[in-house]
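Working notes, beginning with the structure itself.
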Amino acid sequence: MSPVAVAGVGMFAPGYPNTAAWLARQPLAADDVAPQGTLLDKHSRRRASALTKALADAYREALLEAQLDPAGVASVFGLALGEASTMIGLLEQMWKKDGVLSPMRFAASVHNAAAGVVSIGSKNTGLTTSLGADFDTPAMALYEALAIVHTHGEPVLVACGDEAAPADLVTGDEGWDCLTCALALVPVERADPRLPRLSVPFRGEPTLAPAQLPRGFAQNPQAGMLDLIDALRRGDCGRVRLDRGRGRGYCVDILRAS
Amino acid sequence: MSAYPPIEELLPHSGAMVLLDELTRWQRGEAECALRVRERGPFVKAGRVSSVVALEYMAQAVAACLGYEALLGGGAVRVGMVIACKRFDAQVDHLRSGDLLRVEVRCIQGNDTLSHFDCQVLRGAEPMASAVLTLYHAPNLPAAS
């Protein structure tokens, strides 16, 4: 597959409600910055989890920068754990309490909840899909997105995120904070030639150093997406590793017109 | 004769879904089970079973590990649910009926509600599949609605 152009980026993390805040490295008090989910209609926003709203915020930022059609853009959502804390809450209800489940919470517990809520909440009739691949989630989401760009010749929004790891769900000291990132990918032939381009993910050796991240972000399975956003915004060319050494070694090349 | 109770007494499964043959080694947090892939067993087609089914062998070995622990403690076999599978690696596409397999499981972290087990399926000394399973535990099956 040939490269695609990156027309927009977005992110949400505690203290950093958007990419500008992150690049300035000026965190707001985390308690003051809850994800807003402003992309979503009122009904969807009400039923969305904090993770879904955080994904929606990153998605919206990338969408606006790329000036894509919110009602038709295809999307790929990558989550390593999915809505794990909602799912564990439901299991507690089923197995240890009265067993009566809330249909709304059930709908919000599935791995593709964010894909569904963002799609419905933004009245988007475009293709959407959701996947998880542990620490290779960013690489696999980008792989899927590039395949869709090339198959349909249309832009694709990639949004990757994971909530703060629920207690005891991850082993050892692997816990992490919430982090969501998004990229708007467009076919090269439809893009401004000045935009950076991204190769298909492949296993290789990085040439660019990872960003300096707080430990809670660096541990998140999506940290490689933040490394990629950092490199894109710095104007770097080179190879970024997407798994921070904990997956199978997938990287992407950032290319720029000379 | 095995030093351990029949496998059916250690698992919450029954009938044909008991895929393991016996518990062969146990210590708290670790177990080894054995099975021979049955020609007429569930998931076996034309003498072959997909290596993905190794996940079920692993899950049942974890259940046997915890089931025996529960029996030793005077309790009943507990039920559990696999809620995550990480780092699944299969060295083969399929296993064959008649294969004699060993399933090794080891708890790497856990409490009464959630636990993580490092699991491996071997044919002789040859690794066939490995994964880390995360399980949710409960004393009973959920009440039928």
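The values are calculated or read from the model by the stated rules, or taken from the named source; none is laboratory data. The structure displayed is predicted, hence computed values, not measured ones. Positions of Cβ are generated from backbone atoms using ideal geometry, with glycine treated the same way; all protein chains shown enter the neighbour counts.
Which residue is farthest from the chain's Cα centre (by Cα), if the candidates are limited to the stretch A:87-124 and must be over 19 Å from B:A84 (Cα atoms), of a type in the set (A, V, I, L, M, F, W, C) and within 12 Å of chain B (Cβ to nearest Cβ)?
Once the filter is applied, the top-ranked residue is A:V100.
Under 6 Å between Cβ atoms, at least 6 apart or on separate chains: pull out the pairs that start in the stretch B:83-111 with a residue that is at negative phi and end on any residue that is assigned to a strand (DSSP E or B) and acidic (D, E).
B:E104/B:E32; B:R106/B:E30; B:R106/B:D118; B:I108/B:D118
Look through A:R60, A:R45 and report the one residue that is out of contact with any Pro (no Cβ under 9 Å at 6 or more places or on another chain), farther than 19 Å from A:L146 by Cα and either away from chain B (no Cβ under 14 Å) or not basic (K, R) (or both). Lay out the reasoning, then the answer.
Values: A:R60 fails: out of contact with any Pro (no Cβ under 9 Å at 6 or more places or on another chain).
Sole residue among the options that is out of contact with any Pro (no Cβ under 9 Å at 6 or more places or on another chain), farther than 19 Å from A:L146 by Cα and either away from chain B (no Cβ under 14 Å) or not basic (K, R) (or both): A:R45.
Output the number of residues of the stretch A:217-243 satisfying the condition of being out of contact with any strand residue (DSSP E or B) (no Cβ under 8 Å at 6 or more places or on another chain), in a helix (DSSP H, G or I) and touching a residue at least 24 places away in the same chain (Cβ under 8 Å). Explain how you work it out, then say what you get.
Let us first name the residues in the stretch A:217-243 that are out of contact with any strand residue (DSSP E or B) (no Cβ under 8 Å at 6 or more places or on another chain), namely A:218-219, A:230, A:234-235.
Add one more test, that the residue is in a helix (DSSP H, G or I), and what stays is A:218, A:230, A:234.
From what is left, the residues that are touching a residue at least 24 places away in the same chain (Cβ under 8 Å) are A:218, A:230.
Residues that pass the stated criteria total 2.
Identify the single condition in (1) at pLDDT 95 or above; (2) among the aliphatic types (A, V, I, L, M); (3) under 19 Å from B:Y136 (Cα atoms) that A:V76 does not satisfy, given that it satisfies every other one.
The one condition A:V76 does not meet is (3).
Taking the options B:L55, B:L66, B:L23, name whichever one is in contact with a helix residue (DSSP H, G or I) (Cβ under 9 Å, 6 or more places away or on another chain), surrounded by 15 or more Cβ atoms within 10 Å (Cβ to Cβ) and either within 14 Å of chain A (Cβ to nearest Cβ) or touching a residue at least 40 places away in the same chain (Cβ under 8 Å) (or both). Spell out the reasoning first.
On the way: B:L55 fails: in contact with a helix residue (DSSP H, G or I) (Cβ under 9 Å, 6 or more places away or on another chain); B:L66 fails: in contact with a helix residue (DSSP H, G or I) (Cβ under 9 Å, 6 or more places away or on another chain).
Just one listed residue meets the conditions, B:L23.
Report yes if some residue within the stretch B:112-123 is under 16 Å from the mean Cα position of the chain (by Cα), crowded, with 18+ Cβ neighbours inside 10 Å, more than 9 Å from chain A (Cβ to nearest Cβ) and under 16 Å from B:D21 (Cβ atoms); otherwise report no.
Checked against the condition, which is being under 16 Å from the mean Cα position of the chain (by Cα), crowded, with 18+ Cβ neighbours inside 10 Å, more than 9 Å from chain A (Cβ to nearest Cβ) and under 16 Å from B:D21 (Cβ atoms), the stretch B:112-123 yields at least one hit.
Would you check if A:L81 is within 10 Å of chain B (Cβ to nearest Cβ) and buried (at least 20 other Cβ atoms within 10 Å of the Cβ)? Can you show your working first?
Values: within 10 Å of chain B (Cβ to nearest Cβ): yes; buried (at least 20 other Cβ atoms within 10 Å of the Cβ): yes.
Yes; evaluated as a whole, the condition is true for this residue.
What are the residues in the stretch B:99-111 that are away from chain A (no Cβ under 14 Å) and modelled with pLDDT under 95, if any?
Initial filter on the stretch B:99-111 (away from chain A (no Cβ under 14 Å)): B:99-105.
Result: no residue meets the conditions.
Of everything in the stretch A:199-216, what is of a type outside the set (S, T, Y) and in a loop (DSSP other than H, G, I, E, B)? Give them in sequence order. Don't jump to the end; show me each part of the working.
Keep residues of the stretch A:199-216 that are of a type outside the set (S, T, Y), which gives A:200-206, A:208-216.
Listed by number, the residues that qualify are A:V200, A:P201, A:G204, A:E205, A:P206, A:L208, A:A209, A:P210, A:A211, A:Q212, A:L213, A:P214.
So, in the stretch B:73-111, exactly how many residues are over 12 Å from the mean Cα position of the chain (by Cα) and either farther than 24 Å from A:M94 by Cβ or in a loop (DSSP other than H, G, I, E, B) (or both)?
Number of matching residues: 22.
For the stretch B:27-52, give me the residue count where each residue is in a loop (DSSP other than H, G, I, E, B), touching a helix residue (DSSP H, G or I) at 6+ places or on another chain (Cβ under 7 Å) and within 21 Å of B:D89 (Cβ to Cβ).
Qualifying residue count for the region: 1.
Going by what's in this entry, would A:L195 be described as within 26 Å of A:E65 (Cβ to Cβ) and within 19 Å of the chain's Cα centre (by Cα)? Walk me through it before giving the result.
On the way: within 26 Å of A:E65 (Cβ to Cβ): yes; within 19 Å of the chain's Cα centre (by Cα): no.
The answer is no for A:L195.
In this structure, does B:R25 turn out to be charged (D, E, K, R), at pLDDT 95 or above, closer than 24 Å to B:G110 by Cα and under 16 Å from the mean Cα position of the chain (by Cα)? Break it down into steps so the answer makes sense when it comes.
Values: charged (D, E, K, R): yes; at pLDDT 95 or above: yes; closer than 24 Å to B:G110 by Cα: yes; under 16 Å from the mean Cα position of the chain (by Cα): yes.
Spelling it out, B:R25 is indeed charged (D, E, K, R), at pLDDT 95 or above, closer than 24 Å to B:G110 by Cα and under 16 Å from the mean Cα position of the chain (by Cα).
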